[in-house]
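The values are calculated or read from the model by the stated rules, or taken from the named source; none is laboratory data. From a predicted model like this one, the values you see are computed outputs, not experimental measurements. As a convention, Cβ positions derive from the backbone with ideal geometry for all residues, glycine included, and neighbour counts pool all protein chains shown.
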Amino acid sequence: MTQCSYRHITGYILLLVLLDQVIKWVINIYFLESHFNIIPGLLEFHPTFNNKNSYIGSLLYKNYNLTIGFVIHLMIILPAECLIISFYYFLRNKFQKTRLLDIAVVFQISGIICWLIGNFRTNGELDYIYLKPLFVFDLKDIYNNCFVVFWLLFCFKNGIQIKNLKVKEFTSYLKKLFVR
């Protein structure tokens, strides 16, 4: 099989979201005050709530005392997510072998669902892995990075065919998709 079925993709997304949420639930109930080294000098278990909606939001607040609200994050992230998913469907229709692309989108959609749950339910994300001295992250952030890796692998593997795609093809696809 060269493409994953949508049923499998949905199942993997639900599994990854459930894994992220169960881990956060356990940490929130039993380990919120715990701190310990995972890899001394590099990684530390350090649960922290990020109520600035994103890493960029945290940096802007920390460095410039500027707060970007959840609504603005949604106005940026949801259209971007729609574009990513539309481009995924476009590429899936153009290529026979899309397993890397399917895996990438599983991670991306899982990450965005986890982000939405964290921001709607708790008014902030529970991050728990501290990459010294840079930032604290969680499984959702790993999902988003996996998306980038698998997307790039797909692009690298199919570079010649992707170069032959025209922007006009994608815009025509979008018009057909949204104007029915």
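Surrounded by 14 or more Cβ atoms within 10 Å (Cβ to Cβ) and closer than 23 Å to residue 177 by Cβ: does that describe residue 20? Taking the combined requirement at face value, the residue does not satisfy it.
Working only within segment 134-153, note down all residues that are in contact (Cβ under 8 Å) with a residue 60 or more places away in the chain, touching a helix residue (DSSP H, G or I) at 6+ places or on another chain (Cβ under 7 Å) and either aliphatic (A, V, I, L, M) or over 22 Å from residue 41 (Cα atoms) (or both). Selection gives 139, 140, 143. Residue 74 meets the conditions (1) in a helix (DSSP H, G or I); (2) closer than 25 Å to residue 168 by Cβ in every case but one. The failed one is (2). The set of residues in segment 81-117 being touching a Lys or Arg at 6+ places or on another chain (Cβ under 7 Å) and closer than 29 Å to residue 42 by Cα consists of 111, 114, 115.
Of the helices (runs of 4 or more DSSP H) lying entirely inside segment 80-180, those containing at least 2 residues that are under 30 Å from residue 62 (Cβ atoms) span 99-121, 139-157. Between 101, 126, 83, the distinction of being closer than 29 Å to residue 160 by Cβ and buried (at least 19 other Cβ atoms within 10 Å of the Cβ) belongs to 101 only. So for segment 72-84 (the condition being in contact (Cβ under 8 Å) with a residue 12 or more places away in the chain and more than 16 Å from the chain's Cα centre (by Cα)), does at least one residue qualify? No, that holds for no residue. Checking each residue in segment 42-65 for being modelled with pLDDT under 95 and either outside any helix (DSSP H, G or I) or exposed (fewer than 12 other Cβ atoms within 10 Å of the Cβ) (or both) picks out 48, 49, 50, 51, 52, 53, 54, 62, 63, 64, 65. So which of 26, 71 ends up being at pLDDT 95 or above, more than 30 Å from residue 2 (Cβ to Cβ), surrounded by fewer than 16 Cβ atoms within 10 Å (Cβ to Cβ) and aliphatic (A, V, I, L, M)? Residue meeting the stated conditions: 26.
Among the residues of segment 2-17, those that are in a helix (DSSP H, G or I), surrounded by 11 or more Cβ atoms within 10 Å (Cβ to Cβ) and not aliphatic (A, V, I, L, M) comprise 8, 10, 11, 12. Selection of segment 1-41 for residues being of a type in the set (A, V, I, L, M), out of contact with any strand residue (DSSP E or B) (no Cβ under 7 Å at 6 or more places or on another chain) and farther than 22 Å from residue 117 by Cα yields 1, 39.
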